[in-house]
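K.L.:
Quick one: the structure is below, and I'll ask about it shortly.
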Amino acid sequence: MQPWTCRVFPPPSTNNLYRGRRFKTREYKDWIAECTHLLGAARGRGVPLPPYHLSGVQIDIRVPRNNRRDCDNYLKPIIDLLAHLKVIVGDNMKHVGRVTIEPGDGIEMCVVTVSPLAAETKVAA
């Protein structure tokens with residue numbers, strides 16, 4: 001499998017994803033819809049479809065530099081989006097073996113790359 005890369009809008013802070021424990025906030029629902037639409041529009045412009053239901057993957061995320069925001073606030077919504085779009089089988093450690101996040105200067109959108117996990121780093125299920 002070749003690495004698959006997409007660009008998505010920066011997600012809301014993890015602190016603003018849920019109302020209570022179960023209900024997605026309007027802000028989070030809007031972000032999911034915007035990203036889903038963005039990726040659908042990209043497909044229409046000839047951007048390759050992602051491989052679906054991947055397991056044993058590494059996810060690398062480049063985010064706009066924001067020195068006031070915790071870096072882990074980007075992870076949950078982006079990984080949940082990949083699972084929602086069925087790019088990955090699930091977001092648990094059985095399917096996602098490594099996640100990296102890196103701030104990028106001069107970028108406005110998050111750049112997400114999904115690639116196969118190297119055989120020597122796969123964890124037995």
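The values are calculated or read from the model by the stated rules, or taken from the named source; none is laboratory data. Computed from a predicted model, the values in this text were never measured in an experiment. Neighbour counts are summed over all protein chains in view; Cβ atoms, including those assigned to glycine, are modelled from backbone coordinates with ideal geometry.
K.L.:
Quick check on this structure: which one of Asp60, Asp80 is of a type outside the set (Lys, Arg) and without any contact (Cβ under 8 Å) to a residue 12 or more places away in the chain?
P.N.:
Details: Asp60 fails: without any contact (Cβ under 8 Å) to a residue 12 or more places away in the chain.
Just one listed residue meets the conditions, Asp80.
K.L.:
Just for strands (runs of 3 or more DSSP E) wholly inside the range 39-125: which have at least 2 residues that are at pLDDT 90 or above and among the charged types (D, E, K, R)?
P.N.:
Working: elements: 57-64, 96-104, 110-116.
Result: 57-64, 96-104.
K.L.:
Then there's this: Tally up the residues in the range 51-94 that are farther than 16 Å from Phe9 by Cα and crowded, with 19+ Cβ neighbours inside 10 Å, please.
P.N.:
Number of matching residues: 7.
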